[in-house]
Structure formats: C-alpha cells, structure tokens
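Worksheet: one structure, shown below.
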Amino acid sequence: MSATERPGPGASASEIEADIERTREHLADTIDELGDRLAPSHVAAQAKDGVVARGPQLAVLAVTAAAIVVAWRRL
C-alpha cells in the first residue's frame, strides 16, 4: 500500500494502525510548518522584507505627506 492509499474495508488491524501513524506524522509536520510560518520572528522578517521592497514607494509617500503638511500649515 502506498502512502496516499487508505486501507479498505478488509484491511487488517496492522494496516489501519500504520495508516493512523502516517496520518499522525503528516498532521504533526503540518502543525510544525504552521508554527514556523506564524512565529513572530518569521512574521517580522516578512514585514521587513515587504517594507524594504516598497522603500522607494514609501519614500515618495513620505515626501508627499510632508509637502501636504507644510502646505496646510501655510494656509
């Protein structure tokens, strides 16, 4: 039986137990991966990368906002 096949109605207890163990291992791997992806350090690194990638756009936005504030104060 391959890893993707499920035991059928006539499966032995050992085949069912092996399937349960494979499912547990797969679930544990999935939970570990989710934990890694949601770790604060990983989330912070992704946020930093996004800011760095948008640096030029953010600089233009900051200059525009500053110009608006200066113009507003002169009114």
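The values are calculated or read from the model by the stated rules, or taken from the named source; none is laboratory data. All values derive from a computational prediction rather than experimental measurement. In this analysis, Cβ positions are derived from the backbone assuming ideal geometry, glycine residues included, and neighbour counts consider all displayed protein chains. The accessibility values were calculated without ligands, DNA or RNA, using every heavy atom of the protein model including side chains. Shrake-Rupley method; radii C 1.70, N 1.55, O 1.52, S 1.80 Å.
Just a few scattered comments:
- Gaussian network model of the chain, springs between alpha carbon atoms under 10 Å - residue of ALA45, ALA13, ALA28 with greatest fluctuation: ALA13
- Angle between the chain longest axis and helix 55-74 axis [Cα atoms, degrees, rounded to 10]: 40 degrees
- Helical runs assigned H by DSSP (4 residues or longer) give the chain a calculated mean residue ellipticity at 222 nm of -27500 deg cm²/dmol, each run adding -39500 (n - 2.57) before division by the residue total.
- Option label - Rg/Rh (Cα atoms, Kirkwood Rh) computed here, alternatives (i) 1.34; (ii) 1.53; (iii) 0.95: (ii)
- Å² of accessible area per residue within the chain, as computed with a 1.4 Å probe and no ligands counted: 87 Å²
- Here the chain exposes an accessible surface that is 64 percent carbon and sulfur, computed with a 1.4 Å probe and the other protein chains kept in place.
- The angle separating the long axis of helix 40-53 from the principal Cα axis of greatest extent in the chain is about 50 degrees.
- FRET efficiency estimate (nearest 0.05) - Cβ-Cβ, GLU33 to GLN57, R0 25 angstrom: 0.20
- HIS26 contributes an accessible area of around 130 Å² to the protein surface, as traced by a 1.4 Å probe with all chains present.
- Accessible-area value, ARG37, 1.4 Å probe, nucleic acids and ligands omitted, Å²: 140 Å²
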